[in-house]
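Have a look at the structure below before the remarks.
Since every read-out is calculated from the coordinates, none of them should be taken as a lab result. Since the structure is predicted, the reported quantities are computational estimates derived from the model, not experimental observations. Note that we place each Cβ from the backbone using ideal geometry, even for glycine, and neighbour counts take in every protein chain shown.
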Amino acid sequence: MTISSAHRGARNQASITLADTGPGQSTLKLYSEAGGILLAMRTFAKPCGTITAEGRIQLLPAAANDLVVATGTPTWGEWCNGSGVPIWGAAVTGEDGPGPFKLLGTGPGLTIYAGGVLTLLSPALLG
């Protein structure tokens, strides 16, 4: 199925609106596996994103950086709304992997370390 940029943009704007619901800010949480140990979280601005000319989501990180809370290899990520409820989950891989959430580096087994800073490459695009 092929959709237009306008259709993709409308669909993705609904995702941004959903992510911004709740009293807090939207976040990306990285886990050791689906349902596993929380390793890190990245907080987004509010609104958490904008729509590009191609209709994709460009996530907007909050001004303050978040620290990695536990050392480990993230393999699962969840985009959560302002109430902390997951709205989308998917695999975490290196930049050369198939996962929609990609860590800087290549190959399997990318480790993040407690006390490190979790940053996003610019721009962070979804959809």
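Brief remarks follow.
- Here TYR113, TYR31 are placed in order of increasing Cβ neighbour count within 10 Å, fewest first, which gives TYR113, TYR31.
- Rounded to the nearest 500, the 222 nm mean residue ellipticity of the chain from helices alone is -4000 deg cm²/dmol, with -39,500 (n - 2.57) taken per DSSP H run of at least 4 residues.
- Region 22-88 shape via C-alpha gyration tensor axes, a/c threshold 1.5: prolate
- Summing charges over neighbours of ALA45, with a neighbour being any other residue whose Cβ is under 14 Å away from its Cβ, gives 0 when K and R count +1 and D and E count -1.
- On Cα atoms only, tilt of 5-19 relative to the major axis of the chain in degrees: 50 degrees
- Beta bridges by DSSP in the chain, antiparallel share as percent, to the nearest 5: 90 percent
- In terms of its C-alpha gyration tensor, region 59-120 comes out oblate, because a/c is 1.5 or above while a/b does not outweigh b/c.
- Between the entries (i) 45, 33, 26; (ii) 40, 34, 25; (iii) 48, 43, 31, the label attached to Cα extents along the principal axes in Å calculated for this structure is (ii).
- Between ALA91 and ASN65, the simple label model (points 7 Å from Cα in the Cβ direction) yields a spacing of 2.9 nm.
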